[in-house]
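Participant: What follows is a single structure, and I will ask about it in a moment.
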Amino acid sequence: MSRARATLRIVGQDDNAAMTVLFNPASLKVSLTNKLQDEESGSGGGGGQARQATRVTTTKLETELVFDTTHNGSDVRDITSYIKYLGTASEGEHPRPPNVEFRWGRFKYVGVIESINDTLDFWSYEGVPLRSTMQLVMQGTKADEVVQGAPAAATLNTIPPLSTGATAAAT
């Protein structure tokens with residue numbers, strides 16, 4: 001079975017248009033926030049109890065992506081510029097970044113890129129940036145989804161009982 005690689009693409013684009021990351025993230029942080037609003041109860045009395053109602057539910061995906069071009073010496077920004085494009089609001093009357101899909105195996109998250117922090121942390125002698133560490137934050141209105149058709153369980157390499165593990169794990 002092949003290793004699943006994380007991808008980013010504009011919602012509605014063909015799978016072939018997706019950008020595949022060079023290294024899968026070490027972790028994904030998904031948060032859900034309800035924005036609450038006080039509303040008066042309909043009792044009609046002056047001493048009514050305030051109730052809390054949810055105005056809107058938002059979600060966030062936070063992750064770190066690493067890109068490295070030390071194998072060929074090219075400018076790493078040639079790769080990361082697409083992610084910056086995905087996070088840029090279009091020009092016009094209602095500027096808004098595109099809806100972006102982040103997918104990794106069974107995990108799928110759709111939202112807009114809220115922020116990107118790009119650290120160029122390895123440079124060639126000639127001043128060419130070769131490594132980028134990107135902090136990516138996306139905001140959406142739905143929780144993460146399960147991709148249909150993706151493997152439902154991980155393939156585990158187990159060590160047989162009564163084995164030392166060293167030779168069994170290598171087979």
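The values are calculated or read from the model by the stated rules, or taken from the named source; none is laboratory data. What you are looking at is a predicted structure, and each value in this text was computed from that prediction instead of being measured. No Cβ is skipped: glycine too gets one built from the backbone with ideal geometry, and neighbour counts run over all protein chains shown. Only protein heavy atoms, including side chains, enter the accessible area calculation; ligands, DNA and RNA are left aside. Shrake-Rupley method; radii C 1.70, N 1.55, O 1.52, S 1.80 Å.
Participant: Does R77 fit the bill of being open to solvent by 80 Å² or more (accessible area, probe 1.4 Å), more than 15 Å from the chain's Cα centre (by Cα), within 30 Å of P129 (Cα to Cα) and at pLDDT 90 or above?
Facilitator: Numbers: open to solvent by 80 Å² or more (accessible area, probe 1.4 Å): yes; more than 15 Å from the chain's Cα centre (by Cα): yes; within 30 Å of P129 (Cα to Cα): yes; at pLDDT 90 or above: yes.
Spelling it out, R77 is indeed open to solvent by 80 Å² or more (accessible area, probe 1.4 Å), more than 15 Å from the chain's Cα centre (by Cα), within 30 Å of P129 (Cα to Cα) and at pLDDT 90 or above.
Participant: Same structure again: Do we have any residue at all in region 128-138 that's open to solvent by 60 Å² or more (accessible area, probe 1.4 Å) and at pLDDT 95 or above? Lay out the reasoning, then the answer.
Facilitator: Taking region 128-138 as the starting set, the residues that turn out to be open to solvent by 60 Å² or more (accessible area, probe 1.4 Å) are 131, 135.
From the residues that got through so far, the ones that are at pLDDT 95 or above too are 131, 135.
Yes, there is a match, as at least one residue in region 128-138 is open to solvent by 60 Å² or more (accessible area, probe 1.4 Å) and at pLDDT 95 or above.
Participant: Something else now. If I ask for residues that are of a type in the set (F, W, Y), closer than 17 Å to A17 by Cβ and surrounded by fewer than 18 Cβ atoms within 10 Å (Cβ to Cβ), which ones from region 95-119 would you list?
Facilitator: Hits for region 95-119: nothing passes.
Participant: Next up: Which of the residues that make up region 14-37 are without any contact (Cβ under 8 Å) to a residue 12 or more places away in the chain and open to solvent by less than 50 Å² (accessible area, probe 1.4 Å)? Before you say what the answer is, go through the steps one by one.
Facilitator: Taking region 14-37 and keeping what is without any contact (Cβ under 8 Å) to a residue 12 or more places away in the chain, we get 14-17.
Hit for region 14-37 is A17, nothing else.
Participant: Follow-up. Inspect all residues belonging to region 82-94 and state whether any of them is touching a Lys or Arg at 6+ places or on another chain (Cβ under 9 Å), assigned to a loop (DSSP other than H, G, I, E, B), surrounded by fewer than 16 Cβ atoms within 10 Å (Cβ to Cβ) and modelled with pLDDT of 85 or more.
Facilitator: Let us first name the residues in region 82-94 that are touching a Lys or Arg at 6+ places or on another chain (Cβ under 9 Å), namely 84, 86, 89-90.
When the remaining residues are screened for being assigned to a loop (DSSP other than H, G, I, E, B), the result is 89-90.
If we keep only those that are surrounded by fewer than 16 Cβ atoms within 10 Å (Cβ to Cβ) too, we end up with 89-90.
Subset that is modelled with pLDDT of 85 or more: 89.
Yes: one or more hits.
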